[in-house]
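J.: Right, I'll just put the structure down here and ask away after.
The values are calculated or read from the model by the stated rules, or taken from the named source; none is laboratory data. Computed from a prediction, not measured in an experiment: that's the story for all the values here. Cβ placement follows ideal geometry from the backbone for every residue including glycine, while neighbour counts extend to all protein chains displayed.
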Amino acid sequence: MSDTELQPPAPAAYEPPSVLDELPGDLMMWVLIVSELLVFGAGLAAFLGVRITDPLGFAEAQDALHRTAAGINTVVLVTSGFFAALAVRMAEHGRKAATRGWLAAASALGIVFLVIKVMEYAEKASHGIGVETNSFFTFYYLLTGFHAAHVVAGIVILGLVSIRCTPRTVEVGAAFWHMVDLVWVLLFPVIYLLR
Amino acid sequence: MKYQSQKIALAYMGVALALFLIQVTMGLVIGWIYVSPNFLSELLPFNIGRMLHTNALVVWLITGFMGAAYFLIPEEAEREIHSEKLAYLQLLILVVGTLGAVITYTFNLFEGNILLGKEGREFLEQPLWVKAGIVVAALIFLFNVTMTVLKGRKTAITNILLLGLWGLALLFLFAFYNPGNLALDKQYWWYVVHLWVEGVWELIMASILAYLMLKLTGVDREVVEKWLYVIVAAALFSGILGTGHHYYWIGTPGYWQWIGSIFSSLEIIPFFAMMAFAFVMVWKGRRDHPNKAALLWSLGCATLAFFGAGVWGFLHTLHGVNYYTHGTQITAAHGHLAFFGAYVALNLAIMSYALPILRGRDPYNQVLNMASFWLMAGGMTFMTFTLTFAGTVQTHLQRVMGEYYMDVQDQLWVFYVMRFGSGVAVVLGALLFIYALAMPRREVVGPGPIEQRRLDTDADHVAAE
């Protein structure tokens, strides 16, 4: 029996808007953000789990990291997040030029972050440290590497939303950028500082 | 049936069901070999039987997907299929290729011949000419359905379905590449069936399930589409890197142990979402669709996929666990329930929905079909538990205590006997399913007292077909 022969459905009852409808930006971006946080969260949890089995080895390996550079990078990325937030405010006021300016500033700081990160990687490589050196560095490269890849993706997204510059798109792009920010703020203390 | 060309699906589903029967029968044969290892050892060695079991499975599932596409795309795109002739030509190529593969495997013809002989690479052992035929058939298929969609209405369901089908065809190309380095060989090998079942097939599954929900529950398309996008995003996010859980012990770098463990743990999410989707749609749905069998298969599909692919997959996906369980009967337990839940049940769901329409036989009673669901699902669930227990014992005896493989197999005998019994139930269920769709022309079972009372008092209630 085909559907056309069925009784017409009763009129829809009033449904209150769900929480999902009230999310800023786009639902799909929030799906992505939650997925990313799950991955990085699981990665950090695994890192801490393995660390229990070898606290001395992890502490020793951690001393090879450049804490100052990572500290500077934290300031760079948080400032960049602030610029992205300013871009959202400008977009809401319909000031396109200012929006694009702040997005460009946020992206520029993203590039600064990447440059410092590459310098860190180069320094490690010059000491012969790689992803298979020991489990500390396996996690170090996986977590910061995945994060750096997201910084690259974030810069591309900020570029795209400054081309299609509407309050909604800028909000979506900034949401992603804040996620990248947040993940770094979690990675930095756990990988670089935790003793 | 709104569009004449939907009739193509009938031929595809028929072929798929015939192969389904071959597949489960072979399963029964090799299940008996586990019980009595010398059974047919001269005539049909175990490895050939297993080849037929796994190859037939994949081929009939794909044939079923294609049938489903030919059935639902005209309705979604609101136009006839681009070319019916091409569709039948494509089916002919697939059938000739499949028969060629079956005959080559069974009689071991053309041993060592590059073009005609079996290739010997486990699971990708199809003779080269068959592989080439599959690609030609896939190209014809993609051309045909893509043209139909491009000229017609584009919906989220057809877009996701096409994405999945294109991915399926493109990933098959890795079957032609066989590097000399064994670690690379294995890595590319996983690209075929496992980027299918953990990636693009999930897109096909989600879109067909979405179509069924749309038809069976009458929930708004908008709501269905939102769910569909979320499911697809979760599937691709977790599934692509999640296949890294196959790279733990094949010679790839150690970081795959972490990438694989973390991403594949998330693969449970899309399967949970599909189960939640199916049940929420039914609860929200305002339509009391008479095809209860299709609804039962749809809900069963989402549920068993969650347990088989999601829970049973997670059971042994963390590399610390997999170090012990790898390649034991735990894997077999997961493989059986995952394939049955996610893809067999999906195909049987769309067939239960489409075949009565295609054969112009509605309304008629699908009670036999529903009985076959419980037989097959019950048998498969029992098989999964049996194999899980067998795998647990095997892991302990073989991997922890260090006993010899064959000594352990001897001790697992009782589990293999029980597994054979559950296999009999599955085969009977498959036969009943085919009978239920092919034979009865009118109601087999009249409404019972509860159903009758509902029919009398509830104006919205439609009698089950």
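One line per residue, one yes/no per condition, for (1) more than 17 Å from A:F136 (Cα to Cα); (2) of a type in the set (F, W, Y):
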| residue | (1), (2) |
| --- | --- |
| A:G41 | no, no |
| A:F47 | no, yes |
| A:L56 | no, no |
| A:A64 | no, no |
| A:T68 | yes, no |
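J.: Go through (1) at pLDDT 95 or above; (2) crowded, with 16+ Cβ neighbours inside 10 Å; (3) over 15 Å from B:A16 (Cβ atoms) for B:G67 and report which single condition fails.
T.: For B:G67, the failing item is (3).
J.: For the condition of a type in the set (K, R) and in a loop (DSSP other than H, G, I, E, B), what is the one hit in A:R195, A:R168?
T.: A:R195
J.: Would you point out which residue out of A:L48, A:L27 is within 14 Å of another protein chain (Cβ to nearest Cβ), at pLDDT 95 or above and within 25 Å of the chain's Cα centre (by Cα)?
T.: Sole residue among the options that is within 14 Å of another protein chain (Cβ to nearest Cβ), at pLDDT 95 or above and within 25 Å of the chain's Cα centre (by Cα): A:L48.
J.: Looking at B:G251 and the list (1) within 25 Å of B:A77 (Cα to Cα); (2) in contact (Cβ under 8 Å) with a residue 60 or more places away in the chain; (3) within 14 Å of another protein chain (Cβ to nearest Cβ), which single condition is not satisfied?
T.: B:G251 satisfies all of (1) within 25 Å of B:A77 (Cα to Cα); (2) in contact (Cβ under 8 Å) with a residue 60 or more places away in the chain; (3) within 14 Å of another protein chain (Cβ to nearest Cβ) except (1).
J.: On to the next question. What are the residue pairs meeting all of these: first residue in the stretch A:24-35, first residue of a type in the set (S, T, N, Q), second residue surrounded by 17 or more Cβ atoms within 10 Å (Cβ to Cβ), Cβ atoms under 9 Å, and 6 or more apart or on different chains?
T.: Within 9 Å, the pairs are A:S35/B:A233; A:S35/B:A234; A:S35/B:F237; A:S35/B:S238; A:S35/B:L266; A:S35/B:I269.
J.: Please verify whether the stretch B:227-234 includes one or more residues that are within 11 Å of chain A (Cβ to nearest Cβ), crowded, with 22+ Cβ neighbours inside 10 Å and either in contact (Cβ under 8 Å) with a residue 60 or more places away in the chain or not hydrophobic (A, V, I, L, M, F, W, C) (or both).
T.: yes
J.: Same structure, new question: What number of residues within the stretch B:401-412 are touching a helix residue (DSSP H, G or I) at 6+ places or on another chain (Cβ under 7 Å) and in a helix (DSSP H, G or I)?
T.: 3
J.: Something else: Name the pairs whose Cβ atoms lie under 7 Å apart, with the first residue in the stretch B:385-397 and farther than 20 Å from B:A309 by Cβ, the second β-branched (V, I, T) and at pLDDT 95 or above, and 6 or more positions between them or separate chains?
T.: B:Q394/B:T328; B:Q394/B:V408; B:T395/B:T325; B:T395/B:T328; B:T395/B:I330; B:L397/B:V408
J.: Shifting gears a bit: Go over the candidates A:T68, A:T138, A:T133 one by one and state the one that is of a type in the set (S, T, N, Q), surrounded by fewer than 19 Cβ atoms within 10 Å (Cβ to Cβ), within 14 Å of chain B (Cβ to nearest Cβ) and farther than 20 Å from A:H178 by Cα.
T.: Values: A:T68 fails: within 14 Å of chain B (Cβ to nearest Cβ); A:T138 fails: surrounded by fewer than 19 Cβ atoms within 10 Å (Cβ to Cβ).
One residue alone meets the criteria, A:T133.
J.: Let me ask another. I'm told B:L139 meets every condition in (1) at pLDDT 95 or above; (2) surrounded by fewer than 16 Cβ atoms within 10 Å (Cβ to Cβ); (3) not in a helix (DSSP H, G or I) except one. Can you identify the failing condition by its number?
T.: (3)
J.: Can you give me the number of residues within the stretch B:341-368 that are more than 14 Å from B:L17 (Cα to Cα) and either free of Cβ contacts under 8 Å to residues at least 24 places away in the same chain or of a type outside the set (V, I, T) (or both)?
T.: Total satisfying the criteria: 14.
J.: Regarding B:S238, is this residue in contact with a Ser or Thr (Cβ under 8 Å, 6 or more places away or on another chain), among the hydroxyl-bearing types (S, T, Y) and more than 9 Å from chain A (Cβ to nearest Cβ)? Spell out how you get there, then give the answer.
T.: Working: in contact with a Ser or Thr (Cβ under 8 Å, 6 or more places away or on another chain): yes; among the hydroxyl-bearing types (S, T, Y): yes; more than 9 Å from chain A (Cβ to nearest Cβ): no.
Criteria not met by B:S238.
J.: Please go through (1) touching a Phe, Trp or Tyr at 6+ places or on another chain (Cβ under 7 Å); (2) touching a residue at least 60 places away in the same chain (Cβ under 8 Å); (3) part of a helix (DSSP H, G or I); (4) not acidic (D, E) for A:I157 and return the number of the only condition it doesn't satisfy.
T.: (2)
J.: Need at least 1 residues that are more than 23 Å from B:R121 (Cα to Cα), at pLDDT 95 or above and under 22 Å from the mean Cα position of the chain (by Cα) per element, so show me which helices (runs of 4 or more DSSP H) inside the stretch B:182-282 make the cut, counting only ones lying wholly within it.
T.: In the stretch B:182-282, B:201-217, B:221-242, B:256-265 are the helices (runs of 4 or more DSSP H) which contain 1 or more residues that are more than 23 Å from B:R121 (Cα to Cα), at pLDDT 95 or above and under 22 Å from the mean Cα position of the chain (by Cα).
J.: Which of the residues that make up the stretch B:331-368 are over 19 Å from the mean Cα position of the chain (by Cα) and either more than 14 Å from chain A (Cβ to nearest Cβ) or closer than 19 Å to B:F307 by Cα (or both)?
T.: B:V367, B:L368
Yes/no per residue for (1) touching a residue at least 12 places away in the same chain (Cβ under 8 Å); (2) closer than 30 Å to B:E225 by Cα; (3) among the polar types (S, T, N, Q):
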residue: B:I73; (1), (2), (3): yes, yes, no
residue: B:A77; (1), (2), (3): yes, yes, no
residue: B:I81; (1), (2), (3): yes, yes, no
residue: B:E84; (1), (2), (3): yes, yes, no
residue: B:A101; (1), (2), (3): yes, no, no
residue: B:Y105; (1), (2), (3): yes, no, no
residue: B:N108; (1), (2), (3): yes, no, yes
residue: B:L115; (1), (2), (3): yes, no, no
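J.: Which pairs do you get when a residue that is within 25 Å of B:A333 (Cβ to Cβ), found in the stretch B:31-44, comes within reach of a residue that is surrounded by 15 or more Cβ atoms within 10 Å (Cβ to Cβ) and small (G, A, S), reach meaning Cβ atoms under 8 angstrom, with the pair 6+ apart or on two chains?
T.: Close Cβ pairs satisfying both conditions: B:G31/B:G423; B:I33/B:G49; B:L40/B:G49.
J.: Within the stretch B:203-226, how many residues turn out to be surrounded by fewer than 22 Cβ atoms within 10 Å (Cβ to Cβ) and in contact with a Pro (Cβ under 8 Å, 6 or more places away or on another chain)?
T.: Looking only at that region, the number is 1.
J.: Going through the stretch B:254-293 one residue at a time, which ones are free of Cβ contacts under 8 Å to residues at least 24 places away in the same chain, aliphatic (A, V, I, L, M) and either within 11 Å of chain A (Cβ to nearest Cβ) or surrounded by 21 or more Cβ atoms within 10 Å (Cβ to Cβ) (or both)?
T.: Scanning the stretch B:254-293 gives B:I259, B:I262.
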